[in-house]
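Single-structure report; data block below.
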Amino acid sequence: MAQAAPTPGGRSTPGGPAPTGGPTTPGTRPDPATRDATPGTTPDVFSERAHTLTNRILPVVLGLVYGYWAAAVSRDAGPITGWNLLFGFTAAFVFAALHLAVQAVAPRLRREPHALLWAAFAGCAFGFLYSQAPQHSVLRSAAISLAVAAAVFAVAFYRYYTHEDAEGHRLK
């Protein structure tokens with residue numbers, strides 16, 4: 001059975017299937033993954049509810065992982081104590097709260113401060129974890145956290161520069 005090849009502009013060949021998102025002939029259905037997409041954009045696979053839920057759950061999960069990691073590094077293979085648990089949960093709470101704050105404030109900024117805020121958050125979070133190990137000095141922790149922040153800034157700025165206009169609006 002021969003299938004019609006897609007052509008530029010989304011037009012179907014005579015006798016071929018209707019373009020996705022456009023009118024359909026009786027008995028055919030548009031592709032559900034692309035029914036809401038405008039031409040030239042990628043479809044949104046997940047619902048708005050799934051995005052909202054992920055934006056609220058992800059900082060908590062990352063905070064718990066961060067707190068566990070901080071507690072594990074600070075105890076340095078020693079016994080698990082109540083103070084160690086308190087330190088881990090405090091680190092988890094602070095990380096999640098700061099992540100939610102950055103997540104709420106950053107989209108309102110232009111692309112340069114937006115990238116700088118995420119870079120500062122990542123650099124501080126990494127520097128704090130790195131400084132918990134007893135064999136690392138404060139200067140080494142600061143230097144490595146600055147390197148991490150610079151790398152995050154470069155990646156975030158590139159992403160925002162290629163996906164936003166100068167005012168910070170997403171390109172469509």
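In table form, for the structure just shown:
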item: For the range 46-60, 3J(HN,Hα) per residue [Karplus equation, 6.51 cos²θ - 1.76 cosθ + 1.60, θ = phi - 60°, Hz, x = Gly/Pro]; result: 9, 6, 5, 5, 5, 5, 5, 4, 5, 5, 9, 7, 4, x, 5
item: ³J(HN,Hα), Karplus 6.51/-1.76/1.60, whole Hz, each residue of the range 108-118, x for Gly, Pro; result: 7, 8, 6, 5, 5, x, 4, 5, 5, 5, 5
item: Per-residue HN-Hα couplings for the range 149-156 [Karplus 6.51, -1.76, 1.60; θ = phi - 60°; Hz; x = Gly/Pro]; result: 4, 5, 5, 5, 4, 4, 5, 5
item: Apportionment of accessible area to carbon and sulfur, the range 55-172, percent (1.4 Å); result: 72 percent
item: Accessible surface, per residue, of the range 39-172 when the full set of protein chains is kept, probe 1.4 Å, Å²; result: 69 Å²
item: Asp76-Val45 FRET efficiency (beta carbon distance; Förster radius 41 Å; 0.05 resolution); result: 0.40
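The values are calculated or read from the model by the stated rules, or taken from the named source; none is laboratory data. Here the structure is a predicted model, which means the values were calculated and not measured. Reconstructed Cβ throughout: ideal geometry from the backbone, glycine too, with neighbour counts over all protein chains shown. Side chains are part of the model used for accessible areas, which takes the heavy atoms of the whole protein and leaves out ligands, DNA and RNA. Shrake-Rupley method; radii C 1.70, N 1.55, O 1.52, S 1.80 Å.
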